[in-house]
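Participant: Could you have a look at this structure, given as structure tokens, before my questions?
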Amino acid sequence: RIEGGTHNPLAPSADFIAASWMPRMREIGIDIDVELVRHGFAPAGGGVLQARIGASPLLGQPTWCERGSPFGMSATALLSGLSSAIGRRELAVLRENLGIDEGALHLRSERNGLGPGNVLLVNAGFGEHVSTFAGHGARGVTAEVVAGRLSGDVQRFLASGAVIEEHLSDQLLLPLALAGGGAFTTTAPSEPLRSNAALIEKFLAIEIGCEELASNCWRVTLSS
């Protein structure tokens, strides 16, 4: 049971963990379930995640290098203690910029949050993988700016052809290293990815290589 901020701009959201990170852990062979008990928005916090992690004696070495067929995009505007009009404006921008179907736009109000909050989420699905992107409302920043920035993040990822988006890429390194290997394509390697790779190589008998395949598309390979 973990308590704190489930939705804040400096960490992956609980929605990211459920839709994007947790399925990849299961593909590696890690037996895990995570339940969002209560939302917690920055800076008030107060959120709760309940995790169950089982024994995982046999870990696989998956390869995520081909996207597969797209199966659509969806977006959710999540608000706590704020006007629903903010979420509607954000979703309108996403629909215009990303072409998301009206039926795939969702507006949610969280009534149990300790403080105000606004998170805008986009899920983009290819093959069996979902990439989750998040934008966060802030004082003095309009709904249109929040949605516009998030649209740009999604568009850059879609244009790259990569399977794994930036914020998931560095989090896959340690599980794959413990499994003994694996590979995935991602956008240009981030500083967290490079620093994680350098640190892991100092502790485990694993080599982590990054190869540029195309503009903003790289292959990351782990081998023992």
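The values are calculated or read from the model by the stated rules, or taken from the named source; none is laboratory data. All figures in this text were calculated on a predicted structure; none of them were measured in a lab. Cβ: placed from backbone, ideal geometry, glycine included. Neighbour counts: every protein chain shown. SASA here: full protein model, heavy atoms, side chains in, ligands and nucleic acids out. Shrake-Rupley method; radii C 1.70, N 1.55, O 1.52, S 1.80 Å.
Participant: Just wondering, is there one or more residues in the stretch 11-24 that are over 20 Å from VAL146 (Cα atoms) and either in a loop (DSSP other than H, G, I, E, B) or at pLDDT below 90 (or both)?
Facilitator: no
Participant: Would you check if GLU27 is touching a residue at least 40 places away in the same chain (Cβ under 8 Å), open to solvent by 70 Å² or more (accessible area, probe 1.4 Å) and not small (Gly, Ala, Ser)?
Facilitator: no
Participant: Further question: List the pairs whose first member sits in the stretch 158-172 and is in contact (Cβ under 8 Å) with a residue 12 or more places away in the chain and within 14 Å of GLY125 (Cα to Cα), whose second member is among the aliphatic types (A, V, I, L, M) and open to solvent by 10 Å² or more (accessible area, probe 1.4 Å), and whose Cβ atoms are under 7 Å apart, counting only residues at least 6 apart or on separate chains?
Facilitator: Hits for this filter: GLY161/ALA214.
Participant: Does PHE16 satisfy the criteria of being hydrophobic (A, V, I, L, M, F, W, C), touching a residue at least 24 places away in the same chain (Cβ under 8 Å) and under 20 Å from ALA124 (Cβ atoms)?
Facilitator: When the stated conditions are applied, PHE16 passes them.
Participant: Starting from residues that are of a type in the set (S, T, N, Q) and farther than 14 Å from ALA143 by Cα, keep the ones in the stretch 65-96 and report whichever is least open to solvent (accessible area, probe 1.4 Å).
Facilitator: Among those residues, the one meeting the criterion is SER80.
Yes/no per residue for (1) touching a Phe, Trp or Tyr at 6+ places or on another chain (Cβ under 6 Å); (2) under 30 Å from TRP218 (Cβ atoms):
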site	(1), (2)
TRP21	no, yes
VAL37	no, no
PHE41	no, no
ALA44	no, no
TRP64	yes, yes
SER69	no, yes
GLU96	no, no
ARG111	no, no
ASN123	no, yes
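Participant: Kindly provide the set of residues from the stretch 8-17 that are in contact with a strand residue (DSSP E or B) (Cβ under 6 Å, 6 or more places away or on another chain) and open to solvent by 30 Å² or more (accessible area, probe 1.4 Å), ordered by number.
Facilitator: PRO9, ASP15, ILE17
Participant: Please give the strands (runs of 3 or more DSSP E) falling wholly within the stretch 130-223 in which 1 or more residues are open to solvent by 20 Å² or more (accessible area, probe 1.4 Å), within 25 Å of LEU58 (Cα to Cα) and of a type outside the set (A, V, I, L, M).
Facilitator: By residue number, 207-214, 217-223.
Participant: Collect the residues in the stretch 97-129 that are assigned to a strand (DSSP E or B), open to solvent by 20 Å² or more (accessible area, probe 1.4 Å) and out of contact with any Leu (no Cβ under 6 Å at 6 or more places or on another chain), keeping them in residue-number order.
Facilitator: Within the stretch 97-129, HIS106, LEU107, ASN123, PHE126 meet the criteria.
Participant: Also, I was wondering about something else. For a quick check of your reading of the model, give me the residue pairs whose first member lies in the stretch 52-78 and is without any contact (Cβ under 8 Å) to a residue 24 or more places away in the chain, whose second is surrounded by fewer than 17 Cβ atoms within 10 Å (Cβ to Cβ) and assigned to a loop (DSSP other than H, G, I, E, B), with beta-carbon atoms closer than 7 Å and at least 6 apart or on different chains.
Facilitator: Between residues of the stretch 52-78 that are without any contact (Cβ under 8 Å) to a residue 24 or more places away in the chain and residues that are surrounded by fewer than 17 Cβ atoms within 10 Å (Cβ to Cβ) and assigned to a loop (DSSP other than H, G, I, E, B), the close pairs are ILE53/ASP31; GLY54/ASP31.
Participant: Is it the case, given these coordinates, that VAL48 is touching a residue at least 12 places away in the same chain (Cβ under 8 Å), closer than 23 Å to LEU158 by Cα and open to solvent by less than 50 Å² (accessible area, probe 1.4 Å)?
Facilitator: Spelling it out, it is not the case that VAL48 is touching a residue at least 12 places away in the same chain (Cβ under 8 Å), closer than 23 Å to LEU158 by Cα and open to solvent by less than 50 Å² (accessible area, probe 1.4 Å).
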